[in-house]
1. Please find, within the range 147-163, the residue that is most open to solvent (accessible area, probe 1.4 Å) out of those that are in contact with a Phe, Trp or Tyr (Cβ under 9 Å, 6 or more places away or on another chain), within 13 Å of the ligand (Cβ to nearest atom) and more than 14 Å from TYR281 (Cα to Cα).
2. Suppose the filter is at pLDDT 95 or above, open to solvent by 10 Å² or more (accessible area, probe 1.4 Å) and away from the ligand (no atom under 13 Å from the Cβ); does GLN326 pass it?
3. Given the structure, is GLU88 outside the structural domain of SER356 (by TED's automatic domain parsing), away from the ligand (no atom under 13 Å from the Cβ) and open to solvent by 10 Å² or more (accessible area, probe 1.4 Å)?
4. Of the residues that make up the range 23-34, is at least one modelled with pLDDT of 95 or more and in contact with an Asp or Glu (Cβ under 6 Å, 6 or more places away or on another chain)?
5. Which condition breaks for ASP277 when tested against (1) farther than 25 Å from ASN25 by Cβ; (2) charged (D, E, K, R); (3) open to solvent by less than 20 Å² (accessible area, probe 1.4 Å); (4) assigned by TED's automatic domain parsing to the domain that holds VAL171?
6. I'd like to check which helices (runs of 4 or more DSSP H) are fully inside the range 35-82 and have at least 3 residues that are open to solvent by 70 Å² or more (accessible area, probe 1.4 Å).
7. Just one of the numbered conditions (1) open to solvent by 60 Å² or more (accessible area, probe 1.4 Å); (2) under 28 Å from ALA30 (Cα atoms) is not true of ALA381; which one?
8. Could you list, in sequence order, all residues of the range 7-60 that are free of Cβ contacts under 8 Å to residues at least 12 places away in the same chain and either small (Gly, Ala, Ser) or away from the ligand (no atom under 12 Å from the Cβ) (or both)?
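The values are calculated or read from the model by the stated rules, or taken from the named source; none is laboratory data. Quick caveat, the model's predicted, so the values are computed rather than measured. Note that we place each Cβ from the backbone using ideal geometry, even for glycine, and neighbour counts take in every protein chain shown. Accessible surface is based on the protein model in full, side chains and every heavy atom, while ligands, DNA and RNA are left aside. Shrake-Rupley method; radii C 1.70, N 1.55, O 1.52, S 1.80 Å.
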Amino acid sequence: MSEAAHETTTVAIVGAGPSGLTLANLLRTAGIGCVVLERQSRGYVEQRQRAGVLEHRAARMFEEWGLAGRVLQDSRTDGVQEFRVDGEPRFLPIAELAGGRFGRILPQQFLVQRLITAFLEDGGDLRFGCGDVTLGELDSDRPIVTYLDESGAQRRIEADFIAGCDGFHGVSRRSVPEGEQTTYTYDHGIGWFTVLADVPPPRHPMFAVSSHGFAAHFPRGPRSSRFYLQCPPGEDLGAWDEDRIFEQLRLRIGDPDLPYGKVLEKAVVDMRSFVVDPMSYGRLFLVGDAAHIITPMGGKGMNLALADAEVLAKAVRSAVRDGDEQPLRDYSRTCLDRTWSYQEYSRWMTEMLHDSGDPATSGPFRHKLARARLDRLFTSANAGGLFAELMAGEA
Ligand code: RFL
């Protein structure tokens, strides 16, 4: 047997996205051994652009674990959310309404880059280019991960726990035997055409509704913006050239002077939700997108992934340090409570902001309801406060 066949660790982490890397850093801070196995190259994961907002809870988590200095530097805070309604700006002071809590603008790829650097600086074991990752013996005390390393050699790691942090398309969830989990799915019947462009960021993150449909404009770094445009699900990417993108943005945002900019990336996202229950099987714990997908509306996907990672890190710490496995048994329930709360928030926002757009899409009755719901955010301190609290993230 080769030396590799005898590798052991406390936690084998599959996937080096936000959830896997956060878990790895927290475990390392707690002095608990772990190995991270990532299918892609370092360059690939460090460039992958997705989320952009870190909620209050996540920032506090990095502070509490002593990682804020290396992870949160230069993250811009913005305590105000703009709603552009038929071209008219309305501002919701999120930080003020949420008792001083607010999100930070930190593009996902920067977070990933910093978490990788922090983990490696501290001597962490992070392996890129791992092929054919396979999980086994999940219901035993010593689950096993096998994979092919970058040279094509077969490797095997025995662990106390496996953390499935490999996203929606990963291998971890598929390793749970059929019938052991309940799956909840929901198709929102809406598409988002997403554009990353070299356009100066908006003054505040902005949602725009008008009879032309929904659009959003968010900062992504000092010179770039992420735009979202409502479109039919399954929209053909080729149907949107630069002229159409900027014409529609100008109409929906109500700003004829919105500058043109180089389009760096475009994609169509069909809005869907997915949750598995429980988020664990034997010694396998699913974390982040491996267990749940939430629509990008509300910006909670990455934040849920980070929250799961912290719950699991604390639970493993209790098991390893104190021999107390109750927090591991509670892991799924704890994470699912937050997941469903955020799913509800995301669906609430989705209805409010899409139905209040083009009345021909939602029908006149739902259109009126959505406009009333939107107005209430500005006329009721309680309604505005609840929205702000959910947007900023839990205390
Ligand atoms: P990830 O980021 O998908 O990382 C999983 C990692 O696992 C690796 N992997 C494997 N490794 C080894 N073996 C295998 N068999 C493997 N299979 C996969 C992958 O290469 C990858 O490195 O999951 P994680 O860590 O749970 O993080 C989840 C977040 O990435 C996700 O929730 C967010 O990006 C969602 N999301 C947003 N979230 C927010 O909080 N705010 C936002 O504004 C926001 N905007 C978005 C988004 C997602 C989007 N997409 C992907 C549709 C905007 C978009 C366009």
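1. Pass one, the range 147-163, residues in contact with a Phe, Trp or Tyr (Cβ under 9 Å, 6 or more places away or on another chain): 150, 154-157, 161-163.
From what's left, within 13 Å of the ligand (Cβ to nearest atom): 150, 155, 157, 162-163.
Next cut, more than 14 Å from TYR281 (Cα to Cα) only: 150, 155, 157.
On the way: GLU150: 148, ARG155: 58, ILE157: 1 Å².
Residue satisfying both the conditions and the ranking: GLU150.
2. Numbers: at pLDDT 95 or above: yes; open to solvent by 10 Å² or more (accessible area, probe 1.4 Å): yes; away from the ligand (no atom under 13 Å from the Cβ): yes.
Yes; evaluated as a whole, the condition is true for this residue.
3. Numbers: outside the structural domain of SER356 (by TED's automatic domain parsing): yes; away from the ligand (no atom under 13 Å from the Cβ): yes; open to solvent by 10 Å² or more (accessible area, probe 1.4 Å): yes.
For GLU88, the condition - outside the structural domain of SER356 (by TED's automatic domain parsing), away from the ligand (no atom under 13 Å from the Cβ) and open to solvent by 10 Å² or more (accessible area, probe 1.4 Å) - is met.
4. To start, the set of residues in the range 23-34 that are modelled with pLDDT of 95 or more comprises 23-34.
Pick out the ones that are also in contact with an Asp or Glu (Cβ under 6 Å, 6 or more places away or on another chain) and you get 28.
Looking for residues that are modelled with pLDDT of 95 or more and in contact with an Asp or Glu (Cβ under 6 Å, 6 or more places away or on another chain), one finds at least one in the range 23-34, hence yes.
5. It fails just one condition, (3).
6. Details: elements: 42-47, 56-64, 68-71.
Where helices (runs of 4 or more DSSP H) fall fully within the range 35-82 and carry at least 3 residues being open to solvent by 70 Å² or more (accessible area, probe 1.4 Å), they are 42-47, 56-64.
7. Going through the list (1) open to solvent by 60 Å² or more (accessible area, probe 1.4 Å); (2) under 28 Å from ALA30 (Cα atoms), ALA381 breaks only (2).
8. First, pick out the residues of the range 7-60 that are free of Cβ contacts under 8 Å to residues at least 12 places away in the same chain: 31, 43-44, 60.
Scanning the range 7-60 gives GLY31, GLY43, ARG60.
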